[in-house]
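Okay, so here's the structure we're looking at.
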Amino acid sequence: MSEVIKLISPVDGSVYAERPALEEAAVEKVISSARAAQHAWAATPISERVACCLRALEALKAMNDEVVPELAWQMGRPIRYGGEMGGTIERTEYCASVADEALADIERTDKPGFKRFLRREALGIVMVIAPWNYPFMTAINTIMPALMAGNVIVLKHAAQTLLVGERLAKAFEIAGLPQGVFQNIVLTHGGTEKLLGSGVIDHVNFTGSVAGGRAIEKALAGTFATLGLELGGKDPAYVRSDADLDYAVANLVDGAFYNAGQCCCGIERIYVHENLYDRFVGGFVDLTKQYKLGNPLDEATTLGPMAQSRFAAWVREQTQEALRKGAKALVDTSAFAEDKEGTPYLAPQVLVDVNHQMSVMREESFGPVVGIMKVKDDAEALQFMNDSPYGLTASIWTEDVDAAADLGDKIETGTVFMNRCDYLDPALVWTGVKDTGKGAALSEIGFHNLTRPKSFHLRVEH
C-alpha cells in the first residue's frame, strides 16, 4: 500500500483532499514517458511550443472561478483577492513574448571562412518542486519558460496545495500538449529524495525553506543535475526622510500582511528615518487595525488563516521572544476574535523597540508580524538591511532616484525596489543571494538557466 498524502485545510482543520503517493514503479514510468517525449518536443518549433503554453494559460483562466475558493480551502488566502491569475497571465505572456529572442542563436561573424554560433539547447527533464504560498505563480515561473525552451516537466507540488498540480495538468491536457511533456506527480519526501538521487533528473527548481534546499542539494549530490533554489527571506524596507509618508504606509502595510504575510518577498522588517518614525508608526498601526481576520471564503475577510497551525505557532513564538527581550506590541490582538492559540488564525502584529538580537528581526517569520526600527541615516539603515542571512528583495521609499540606486548597489539582495514592494517583474531576473538561494527565474536569464549553451564551429572554406 502506498502512503496517502493528506491536505488539511486551514479553514476548519478538515481533510480537504488526499492522494496516494506514487510508488517506485510508477515513478519509473513517469520518467520513461518524459524521456521518450522530450526529443520530439525539443524538435517542435518554438512558435508551436509557445502557442501550446498560451493555450494552457487560456484553460487556466477559464478555471479561475473554481480555483479561487479551492485555493482558500487549501492554503487560506481570502477569495476577495481573486487568486493568482493576474500574475500567472503577466509572467506567461512575457515569457511568450521573449522566447524567440532568448533562445535565438548568437552568431559570431568576425572570422571569414567559418560559421560560428552559440545555441541554447534544452536540458531535458526539469523537475519543479513547488510551494504552497503562491502555488500557481511560483510553479509557472519555471514551467512556462522550461516548456517553451523544449524541456519536459515533472511537477511535484506541496502537499498543502495538492490540487494545483492537477489543475495545471488539466490545463496542459486541454491545450493539446503531447503526452509525457508535462506530468504532475504526488510523492513523499523520501520518494522525492530517491528520485532526485537516481540521476534521471536534469534540472531541479525548488522554492521553499533553507532546510528543504539543503536536503535537495544533498539528495542531488553526485548527479550533476543543475539546480535553482529560492529559499528563505527576511526582506527589509527603508523609509527615508523624503518619502511620501501616506503612500509608504499604505503599501508597506499591504506588503507586510497580504496573504497573511506568507510571501517570499513580503516585508518582514522596516527601518524608518527618525524624522518620520513616529508618524509612520502611528499610520501603520491604524491601518493594520482595519484588517478583518476570518474565514477566507467570506468576501469581507481581508486576512485569512495561515496555511498550517504550526506556522502560526512559530510567529507567536517569535513575537513572544521579542516581547520578553523588550519589544512592544502595538496591536491589541484581543480585538480579533478569530485569533486563537493553537489555530492557524493569527492577528496582524506590529512591534517596536525591536533590535537585531531578536529572532523577529533576523530570522524568517513568514507570517503577519513586522518589526519597525528607527534609524538616523542611510548608513545605519544599510547596516541593518544587510544584517541578515537572507537576500531576496529590499525596498527603499524615497523621492530621490539617485539615492535609491546608490543604496541599492550596496544592499546584499537579488532585487532592489523603489516605492514598491512584494512584486515580481517578469522582465527582470528573479534571484537571491546568501541563504536565499541560487539560480535565476524570469526574464531572458530565466531561459538561459533552463538551457545549456552549445557551440558550433564550422569551417566552410578550406
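Bear in mind these aren't lab numbers, they're just calculated from the coordinates by the rules spelled out. Quick caveat: nothing in here was measured; it's all calculated off a predicted structure. Counting neighbours? That spans all protein chains shown, and the Cβs are built from the backbone with ideal geometry, glycine included.
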Hey, can you grab everything whose amide H is under 5 Å from the amide H of ILE5? Only 5+ residues off in sequence or another chain; H modelled, so Pro and N-termini drop out. ARG19, ALA21
Cα-based reach from LYS454 at 21 Å (exclusive), listing lysines while leaving out same-chain residues under 8 positions away: LYS111, LYS115
Pairs from LYS376/LYS438; LYS6/LYS438; LYS234/LYS376; LYS194/LYS234 whose Cα-Cα separation, in the structure shown, is over 24 Å: LYS376/LYS438; LYS6/LYS438; LYS194/LYS234
Just report the Cα centroid separation between region 173-207 and region 365-433, whole Å. 34
Relative contact order (percent, whole number), the chain, Cα cutoff 8 Å, 6+ residue spacing: 19
Alpha-carbon centroids, region 81-104 and region 323-364: separation in whole Å: 37
Could you name the aspartates and glutamates whose alpha carbon sits less than 18 Å from that of LYS156, not counting residues in the same chain fewer than 8 places away? GLU3, GLU18, GLU23, GLU24, GLU28, GLU166, GLU173, GLU193, ASP202, GLU217, GLU230
Relative to a virtual label point 7 Å from the Cα of GLU217 in the Cα→beta-carbon direction, which members of region 425-459 show backbone nitrogen distances below 17 Å? 431-440
Determine the gain in length on full extension of the stretch GLN383-SER198; use 0.36 nm per residue of separation and subtract their C-alpha separation, reporting nm with one decimal. 62.2 nm
Given a cut-off of under 8 Å on Cα pairs at least six residues apart, what relative contact order in percent is computed for region 236-425? 29
What does the charge add up to near ASN251, with Lys and Arg as +1, Asp and Glu as -1, over the other residues with Cβ less than 10 Å from its Cβ? -3
Looks like region 217-355, by Cα gyration tensor root eigenvalues a ≥ b ≥ c and the a/c under 1.5 rounded cutoff (else prolate when a/b is bigger than b/c, oblate otherwise), is oblate
Fewest-first sequence of VAL164, VAL460, VAL152 by Cβ atoms within 10 Å of each Cβ: VAL460, VAL164, VAL152
Do the sum for the chain: with -39,500 (n - 2.57) for every DSSP H run of n ≥ 4, divided by all residues, what is the mean residue ellipticity at 222 nm, to the nearest 500 deg cm²/dmol? -12500 deg cm²/dmol
Tilt, helix 277-288 to longest principal axis of the chain (alpha-carbon atoms), in degrees rounded to tens, equals 70
With axes computed from alpha carbons, what is the tilt in degrees of helix 309-324 against the longest principal axis of the chain, rounded to the nearest 10 within 0 to 90? 40
Residue exposure sequence - THR207, THR301, THR44, THR226 - by fewest surrounding Cβ within 10 Å: THR44, THR226, THR301, THR207
Through the Karplus equation 6.51 cos²θ - 1.76 cosθ + 1.60, θ set to phi - 60°, convert the phi angles of region 449-458 into ³J(HN,Hα) values in whole Hz; use x for Gly and Pro. 7, 10, 9, 10, x, 10, 9, 10, 10, 10
Taking amide H positions as placed 1.01 Å from N in the peptide plane, with prolines and chain starts having none, which residues 5 or more places from GLY414, or on another chain, fall under 5 Å of its amide H? LEU392, THR393, VAL433
What are the ³J(HN,Hα) couplings of region 346-363, residue after residue, when phi is run through the Karplus curve with 6.51, -1.76, 1.60 and θ = phi - 60°? Round to Hz, x for glycine and proline. 9, 5, x, 9, 10, 10, 10, 6, 9, 8, 7, 8, 9, 4, 5, 9, 10, 9
Exposure proxy check on GLU90, GLU70: fewest-to-most Cβ neighbours within 10 Å is GLU90, GLU70
Among (i) 21.9; (ii) 18.7; (iii) 24.0, the entry derived from the coordinates for mean projected area of the Cα convex hull in nm²: (iii)
Antiparallel DSSP beta bridges within the chain, percent to nearest 5: 40
Additional length obtainable on full extension of the chain from GLN179 to VAL416, 0.36 nm per residue less Cα span: 81.2 nm
Give me the angle, in degrees from 0 to 90, between the Cα long axis of helix 245-257 and the longest principal axis of the Cα atoms of the chain, rounded to the nearest 10. 60
What aspartates and glutamates could a cross-link reach from LYS340, if we take a straight Cα to Cα line under 15 Å and drop same-chain neighbours fewer than 8 places away? ASP12, GLU317, ASP332
